[in-house]
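Worksheet: the structure to be examined is printed underneath.
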Amino acid sequence: MTKNLTTNQFIDKSIGEWKSIRSTHTLAFQEFENSTSKIYIKHVNLKNKKVVEIFKNNNLSLNLESIAISIKWQTTSDWEDDDIRKEDETILIFIPKDKYSGIVLRNKGYTESVMSSSNYFVDEQNNLHIKTIYKSTVSEERISFLSTHVRSRFSTTRNQENNSILQTSHTSEIRNLASLKD
């Protein structure tokens, strides 16, 4: 029998550099996009200026049991005419309710590019689930480790008004093992 991962353990397993291959399906327009990315996930000190600002903007005091991470990415998409690489970064702060669930604060949301708050939990199969309710959409994401160095992410975006599915995506992420030697 496998032991359930805690949120801290799941995040620790995610730290590193990943190559991402993503397929996004926009159902309303019957379009799909393929993209490749380099993703960098690292711990961020809770006293970091950006982390403190997120707590302040959410009218919360610093919670020392929280875990802050930075996710930075460089993406190339087949929707672009040129091989233009887009870059961005977001800070996520996991505030635990218990060792398997809690809320996530972000300085930039996944679906809508605004500050957001999400509910998360790690299930019995060690999948991390994140659900975010925005102004007009609801985003649900499930992240799974298929092996130590391979992750899979599934996401669904729904219209909040009528619950219709707007977009789905699947991402395979492979850890850059050379980055572990640094």
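The values are calculated or read from the model by the stated rules, or taken from the named source; none is laboratory data. As the structure is a prediction and not an experimental result, all values here were calculated from the model. Glycine also receives a Cβ, built like all others from the backbone with ideal geometry; neighbour counts cover every protein chain displayed. The accessibility values were calculated without ligands, DNA or RNA, using every heavy atom of the protein model including side chains. Shrake-Rupley method; radii C 1.70, N 1.55, O 1.52, S 1.80 Å.
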Taking into account only those residues within region 1-29 that are open to solvent by 90 Å² or more (accessible area, probe 1.4 Å) and at pLDDT below 95, which is nearest to N163 (Cα to Cα)? F29
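So if I check each of S118, S179, S147, S152, which one is open to solvent by less than 70 Å² (accessible area, probe 1.4 Å) and without any contact (Cβ under 8 Å) to a residue 12 or more places away in the chain? Walk me through it before giving the result.
Values: S118 fails: without any contact (Cβ under 8 Å) to a residue 12 or more places away in the chain; S179 fails: without any contact (Cβ under 8 Å) to a residue 12 or more places away in the chain; S152 fails: without any contact (Cβ under 8 Å) to a residue 12 or more places away in the chain.
Going through S118, S179, S147, S152 in turn, just one is open to solvent by less than 70 Å² (accessible area, probe 1.4 Å) and without any contact (Cβ under 8 Å) to a residue 12 or more places away in the chain: S147.
Among the listed residues E124, E87, which satisfies the condition of being of a type outside the set (A, V, I, L, M) and either open to solvent by less than 20 Å² (accessible area, probe 1.4 Å) or under 25 Å from T36 (Cβ atoms) (or both)? Steps first, please.
Details: E124 fails: either open to solvent by less than 20 Å² (accessible area, probe 1.4 Å) or under 25 Å from T36 (Cβ atoms) (or both).
Going through E124, E87 in turn, the sole match is E87.
In the list I69, I95, which residue meets the criterion of being in a strand (DSSP E or B), of a type in the set (A, V, I, L, M), touching a residue at least 12 places away in the same chain (Cβ under 8 Å) and farther than 21 Å from L146 by Cβ?
Numbers: I69 fails: farther than 21 Å from L146 by Cβ.
Sole residue among the options that is in a strand (DSSP E or B), of a type in the set (A, V, I, L, M), touching a residue at least 12 places away in the same chain (Cβ under 8 Å) and farther than 21 Å from L146 by Cβ: I95.
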Restricting attention to region 96-107, does a residue exist that is open to solvent by 70 Å² or more (accessible area, probe 1.4 Å), over 14 Å from the mean Cα position of the chain (by Cα) and basic (K, R)? yes
For F32, which of the numbered conditions (1) surrounded by 17 or more Cβ atoms within 10 Å (Cβ to Cβ); (2) aromatic (F, W, Y); (3) farther than 26 Å from I95 by Cα fails to hold? (1)
For region 152-175, indicate whether the set of residues that are in contact with an Asp or Glu (Cβ under 9 Å, 6 or more places away or on another chain), more than 19 Å from Y120 (Cα to Cα) and among the hydrophobic types (A, V, I, L, M, F, W, C) is non-empty. no
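If you go through region 63-78 one residue at a time, do you hit one that is among the acidic types (D, E), open to solvent by less than 70 Å² (accessible area, probe 1.4 Å) and at pLDDT below 95?
Scanning region 63-78 turns up no residue that is among the acidic types (D, E), open to solvent by less than 70 Å² (accessible area, probe 1.4 Å) and at pLDDT below 95.
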